[in-house]
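Below is one structure, written out as structure tokens, with a few remarks after it.
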Amino acid sequence: MSSIPDGARRLVRRTPLVYAPALGCWLKLESLQATGSFKLRGAALKLARLDAAARARGVVAASAGNHGLGLAYAARALGVPATVIVSRGAAQVKREGIARLGAEVRVSTGDYAEAEAEARALAEATGRTFVSPFDDEDVIDGNGAWLAEELAASHARLRNVVVPVGGGGLAGGLGRALAPRGVAVVGVQPAANRAMHESFALGRALTRYDGAATLAEGLEGPVAERTYALCRAHLADIVLVDEEELLAAIAFAYRALGLLVEPSAAVVLAAARAGRVELEDDTVLVITGANVDGALVDRALAAHPP
């Protein structure tokens with residue numbers, strides 16, 4: 001990837017890579033970013049690369065929550081006005097966090113696709129920059145290639161990376177950076193809402209997609225032509241997990257790993273526990289976020305007692 005401006009680098013933590021004996025593989029804890037999610041990387045890089053005039057006008061984003069948190073955090077640090085339109089399914093903890101960081105928060109009456117349409121319209125009407133959570137080269141560079149550099153530097157024998165897939169920016173960016181190094185990148189999606197998986201099956205990008213509701217609200221919605229092409233070219237596979245497996249994975253993370261893991265991140269743990277991905281000393285699961293409502297954790301623990 002091209003160089004990372006200092007303005008972005010100072011905002012993003014180099015997160016730990018830790019071994020999980022309960023799984024027999026490694027965990028990349030992006031859940032320990034300042035905003036509790038990897039999304040800070042792409043948002044920080046995008047804003048740091050904007051010119052002074054674009055920064056002064058401000059930015060607009062649509063988000064299921066974590067991209068909005070990352071954008072709000074970076075915007076506050078870099079002095080950029082920000083408005084985030086969140087989908088109606090966005091977790092309350094994420095909505096409150098975005099507002100607390102100083103961004104204007106608007107709640108869409110619809111899902112992510114509707115929130116994005118509203119955000120793009122607002123950006124066009126006001127002359128502000130729309131910042132996509134996945135369909136943007138700077139965001140893909142930040143979320144994918146930047147993370148890939150850390151993974152490759154931290155694990156000399158890295159051969160497999162397992163990552164959640166929503167719109168495909170993270171997975172596509174990781175795949176583009178790691179596949180040429182002989183690293184297989186495997187994506188995981190909720191079976192209820194699996195636009196990229198279905199895009200693979202159809203051989204075309206589902207840029208409009210109406211899936212079912214899922215606990216992993218951050219992975220809902222369509223893909224982009226750009227991210228579909230990246231994932232199609234560079235991902236080794238995409239596997240699916242169901243909603244009960246997601247709940248069990250959240251409880252497992254809390255009890256066995258000592259981690260708060262949101263559903264959109266728990267998909268990789270669910271796939272690992274179900275035997276759908278390879279677990280070896282050369283495998284890393286990317287734990288993408290920790291922003292989960294306490295009530296959902298309680299529900300998971302109650303549904304899956306020790």
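See the values below:
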item: Residues being surrounded by fewer than 20 Cβ atoms within 10 Å (Cβ to Cβ) and either in a helix (DSSP H, G or I) or not assigned by TED's automatic domain parsing to the domain that holds residue 298 (or both) - total across segment 221-244; result: 7
item: Filtered residues of segment 270-291 (kept if β-branched (Val, Ile, Thr) and over 14 Å from residue 20 (Cβ atoms)); result: 288
item: Filter pass, residue 118 being assigned by TED's automatic domain parsing to the domain that holds residue 53, among the acidic types (Asp, Glu) and surrounded by 15 or more Cβ atoms within 10 Å (Cβ to Cβ); result: yes
item: Hits in segment 246-294 (condition: surrounded by fewer than 21 Cβ atoms within 10 Å (Cβ to Cβ) and of a type outside the set (A, V, I, L, M)); result: 254, 255, 258, 273, 275, 276, 278, 280, 281, 282, 293, 294
item: Output for segment 76-106, where each listed residue is under 22 Å from residue 208 (Cβ atoms) and among the hydrophobic types (A, V, I, L, M, F, W, C); result: 85, 86, 90
item: Exclusive hit being among the hydroxyl-bearing types (Ser, Thr, Tyr) and free of Cβ contacts under 8 Å to residues at least 60 places away in the same chain, set 199, 132; result: 199
item: Residue within segment 293-300 that is in contact with a strand residue (DSSP E or B) (Cβ under 9 Å, 6 or more places away or on another chain) and either more than 21 Å from residue 151 (Cβ to Cβ) or among the charged types (D, E, K, R) (or both) present; result: no
item: Subset tally (residues that are more than 27 Å from residue 304 (Cβ to Cβ) and in contact with a Phe, Trp or Tyr (Cβ under 9 Å, 6 or more places away or on another chain)) for segment 202-261; result: 14
item: Verdict on residue 83 being farther than 20 Å from residue 266 by Cβ, of a type in the set (S, T, N, Q) and at pLDDT 95 or above; result: yes
item: Test: residue in segment 140-157 that is buried (at least 21 other Cβ atoms within 10 Å of the Cβ), at pLDDT below 95 and either outside the structural domain of residue 174 (by TED's automatic domain parsing) or more than 18 Å from residue 173 (Cα to Cα) (or both); result: no
item: Any strands (runs of 3 or more DSSP E) falling wholly within segment 1-113 and containing at least 2 residues that are closer than 26 Å to residue 149 by Cα and either in contact with a Cys (Cβ under 6 Å, 6 or more places away or on another chain) or charged (D, E, K, R) (or both); result: none
item: All positions within segment 83-102 that are of a type in the set (A, V, I, L, M) and more than 20 Å from residue 290 (Cα to Cα); result: 85
item: Subset tally (residues that are over 19 Å from residue 265 (Cα atoms) and of a type in the set (Gly, Ala, Ser)) for segment 3-33; result: 3
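Residues are listed down the side, and each one gets a yes or a no for (1) closer than 28 Å to residue 222 by Cα; (2) surrounded by fewer than 17 Cβ atoms within 10 Å (Cβ to Cβ); (3) among the basic types (Lys, Arg):
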{"position": "10", "(1), (2), (3)": "no, yes, yes"}
{"position": "30", "(1), (2), (3)": "yes, no, no"}
{"position": "41", "(1), (2), (3)": "yes, no, yes"}
{"position": "54", "(1), (2), (3)": "yes, yes, no"}
{"position": "79", "(1), (2), (3)": "no, yes, no"}
{"position": "86", "(1), (2), (3)": "yes, no, no"}
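The values are calculated or read from the model by the stated rules, or taken from the named source; none is laboratory data. All values derive from a computational prediction rather than experimental measurement. Cβ sites come from the backbone with ideal geometry, for glycine too, and all protein chains shown count toward neighbours.
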